[in-house]
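Reviewing the structure listed below.
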Amino acid sequence: MPVLGILLLLTGSVAAAALLPAFARVVPLAKRKANNDAIGFVYAQVGVVYAVVLAMVVVGVWDARSRAHENTYTETNALLQIAWYSRTLPQPDRGRLGALAEQYTDTVIHKEWPLLGEQRDDAGAWRQFTEIRESINTRQPTTGADQARYQGALEAVAQLGDARRERVDEAATAGVPELLWVALLLGALVTVGFVYLFGMDSVRAHAGVVFSLAFTVGVMLLIVYEFNYPFSGPLKVAPTAFRLALERMRAIA
């Protein structure tokens, strides 16, 4: 996690605990103690609901990032299959298809990947993908061996297209909706604020409880924020799979 996020989280948690003595002077301990049972019952319901919602969001953004990461390898596996298929073709088709696969991979790494963080894609990469697809779809194999290899190439280019569209869609549509962010932040305030209403003999112990709860909830929200968009931020999905695939293609060539 970024250092700035951790510092802000610690600052907010300390501030929440530091406000407790002021609140204790406004609402005396005796009054708060008298309502501990009722407040505890309500707080149990509120805390469970918020914990479930927050956990679902955390799992959701983590799964989205994991799928985006795994999908990069699905896409590059298809590219490598196409590169290997190009080696079975006569010239000039062999050199042309192999060069297209390399050019597409290089474009994704150096041009399209930065755009994914802005929820955009690269038109040049789409053109190169279209050329790869047309180069394979227009072939007319004659022998049985050629037809078997051609069928594999058709499946690979279909997989490449599906994985590419999924990657672009994930970059464009990922992210927690604004309304859900509002609900998460309000829920955090209510969850932490409710703890102020309990009556504890030790102010220091009470402040420790407030700090611990605020820090825990803050860590969960920070995780959601950092994993909100899989292709941006310090924990973004990197084009590692494409770099490895490009190295392999050049080794094949």
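Before moving on, here are some points about what is shown:
- Test: Glu170 is closer than 26 Å to Arg67 by Cβ and acidic (Asp, Glu): yes
- Scanning the range 97-148 for residues that are closer than 30 Å to Phe231 by Cα, assigned to a loop (DSSP other than H, G, I, E, B) and in contact with a Phe, Trp or Tyr (Cβ under 6 Å, 6 or more places away or on another chain) turns up just one, Gly117.
- Here the range 195-232 is the region considered, the condition is being open to solvent by 40 Å² or more (accessible area, probe 1.4 Å) and touching a Gly at 6+ places or on another chain (Cβ under 8 Å), and the residue that is farthest from Val27 (Cα to Cα) is Tyr229.
- Restricting the range 58-90 to residues that are open to solvent by 30 Å² or more (accessible area, probe 1.4 Å) and among the hydroxyl-bearing types (Ser, Thr, Tyr), the residue that is nearest to Tyr225 (Cα to Cα): Ser66
- Unique residue being under 17 Å from Arg96 (Cα atoms) and either open to solvent by 40 Å² or more (accessible area, probe 1.4 Å) or at pLDDT 95 or above (or both) when the list is Gln128, Gln147: Gln128
- Qualifying residue in the range 33-49 (condition: closer than 21 Å to Leu185 by Cα, under 20 Å from the mean Cα position of the chain (by Cα) and aromatic (Phe, Trp, Tyr)): no
- Residue within the range 239-253 that is of a type in the set (Asp, Glu), farther than 26 Å from Pro21 by Cα and surrounded by fewer than 19 Cβ atoms within 10 Å (Cβ to Cβ) present: yes
- Looking only at residues in the range 163-178 that are assigned to a helix (DSSP H, G or I) and without any contact (Cβ under 8 Å) to a residue 60 or more places away in the chain, the one that is least open to solvent (accessible area, probe 1.4 Å) is Val168.
- Helices (runs of 4 or more DSSP H) within the range 1-87 that include 3 or more residues β-branched (Val, Ile, Thr) and closer than 30 Å to Asp169 by Cβ: 36-86
- From Ala214, Ala207, residue being under 25 Å from Val42 (Cβ atoms) and in contact with a Ser or Thr (Cβ under 8 Å, 6 or more places away or on another chain): Ala214
- Evaluated against (1) at negative phi; (2) not in a helix (DSSP H, G or I), Ala207 falls short on exactly one condition, (2).
- Positions within the range 91-125 being of a type outside the set (Gly, Ala, Ser), open to solvent by less than 70 Å² (accessible area, probe 1.4 Å) and more than 17 Å from Leu79 (Cα to Cα), in sequence order: Leu115, Leu116, Asp121, Asp122
The values are calculated or read from the model by the stated rules, or taken from the named source; none is laboratory data. Predicted model, so just to flag it, every value in this text is computed and none were measured. Here Cβ is always computed from backbone atoms with ideal geometry, including for glycine, and neighbour counts include all displayed protein chains. For accessibility, only protein heavy atoms count, side chains too; no ligands or nucleic acids. Shrake-Rupley method; radii C 1.70, N 1.55, O 1.52, S 1.80 Å.
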